[in-house]
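K.L.:
Below is the structure I would like to discuss, written out as structure tokens.
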Amino acid sequence: MVTLYSETTNQHFEHPCNQLRDREPFDFDGRGIFGNFESEDQLVIYLVIDLETEIIKDCKWQIIGMKTAIAGVSVLSEMVKGMVLSKSLEMSVYHLIKQLGGFPDDQIQVIANIIKTLKLAINNFYEENGLEHKTSDDFALRICKCMDVSDQQIEAAVKNGAHTFEKVQTITKCSTGCGTCAEKVQALITSYL
Ligand code: FES
């Protein structure tokens, strides 16, 4: 069980990379927006992408509220630079947490939201260039590979009253295979309660 922020997370929190300042002009090819401005809780990721090679040449971001997302999106913006889009589509909660050197279990949804915002930015690039979407429309994250259970299914179960690991397991069948997803499932349940 991880409860503390890692050294990498603290460093990026104090010295974030690739953050756009207020009203700083920036030309981008794809933009993902998560949350909304009025609720003062918003993350925006901007990508500069080479149309021919589909390589991400630059990645910047802006944030309102969502302070706990700062280190995660800072690290992500460094990770995706130079990455081809097909590879960046494989980015998962697991990859980002690994790069952060761990992340508190009860904050895992913050990381999931950053990954979703990246995928929204990629989809925006595809849309703007008349290309076919290569990401799923709902951006569900597969938490349990054995039983093919997504974060959205777990969230729905919790919001429908399954407030314990056992109840979520009964409803969704998650963690009934190899069991390696159990910690992630528990962390998600905690974050949705
Ligand atoms: S990944 Fe969930 S049971 Fe194997």
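K.L.:
For segment 95-110, which positions are free of Cβ contacts under 8 Å to residues at least 24 places away in the same chain and out of contact with any Phe, Trp or Tyr (no Cβ under 8 Å at 6 or more places or on another chain)?
P.N.:
Those that are free of Cβ contacts under 8 Å to residues at least 24 places away in the same chain and out of contact with any Phe, Trp or Tyr (no Cβ under 8 Å at 6 or more places or on another chain): HIS95, LYS98.
K.L.:
A further question on this structure: Given the criterion assigned by TED's automatic domain parsing to the domain that holds THR8, at pLDDT 90 or above and buried (at least 17 other Cβ atoms within 10 Å of the Cβ), identify the matching residue among PHE125, PHE103.
P.N.:
Of the residues listed, the single one that is assigned by TED's automatic domain parsing to the domain that holds THR8, at pLDDT 90 or above and buried (at least 17 other Cβ atoms within 10 Å of the Cβ) is PHE125.
K.L.:
When the residues of segment 144-175 are narrowed to those that are surrounded by fewer than 18 Cβ atoms within 10 Å (Cβ to Cβ) and in contact with a helix residue (DSSP H, G or I) (Cβ under 6 Å, 6 or more places away or on another chain), which ends up nearest to SER92 (Cα to Cα)?
P.N.:
Looking at the filtered set, the residue picked out is PHE165.
K.L.:
Next question. Within segment 3-25, identify whether any single residue is hydroxyl-bearing (Ser, Thr, Tyr) and over 23 Å from VAL185 (Cα atoms), and answer yes or no.
P.N.:
Yes: one or more hits.
K.L.:
Counting just the residues of segment 145-163 that are of a type in the set (Gly, Ala, Ser) and away from the ligand (no atom under 14 Å from the Cβ), which one comes out modelled with the lowest pLDDT?
P.N.:
Going through the qualifying residues, I end up with ALA156.
K.L.:
For segment 38-88, name all the residues that are among the basic types (Lys, Arg) and touching a helix residue (DSSP H, G or I) at 6+ places or on another chain (Cβ under 9 Å).
P.N.:
LYS60, LYS67, LYS87
K.L.:
Please list, ordered by first then second residue, the pairs with beta carbon atoms under 9 Å, 6 or more apart or interchain, first in segment 178-190 and of a type in the set (S, T, N, Q), second exposed (fewer than 14 other Cβ atoms within 10 Å of the Cβ).
P.N.:
Cβ pairs passing all conditions: THR180/LYS145; GLN186/MET1.
K.L.:
Next question. Which residues, taken from segment 151-171, are assigned to a helix (DSSP H, G or I), hydrophobic (A, V, I, L, M, F, W, C) and in contact with a Ser or Thr (Cβ under 8 Å, 6 or more places away or on another chain)?
P.N.:
The answer is ILE154, ALA157, PHE165.
The values are calculated or read from the model by the stated rules, or taken from the named source; none is laboratory data. Everything numeric here is computed off the predicted structure, so don't read it as measured data. With ideal geometry, Cβ positions are generated from the backbone for all residues, glycine too; neighbour counts draw on all protein chains shown.
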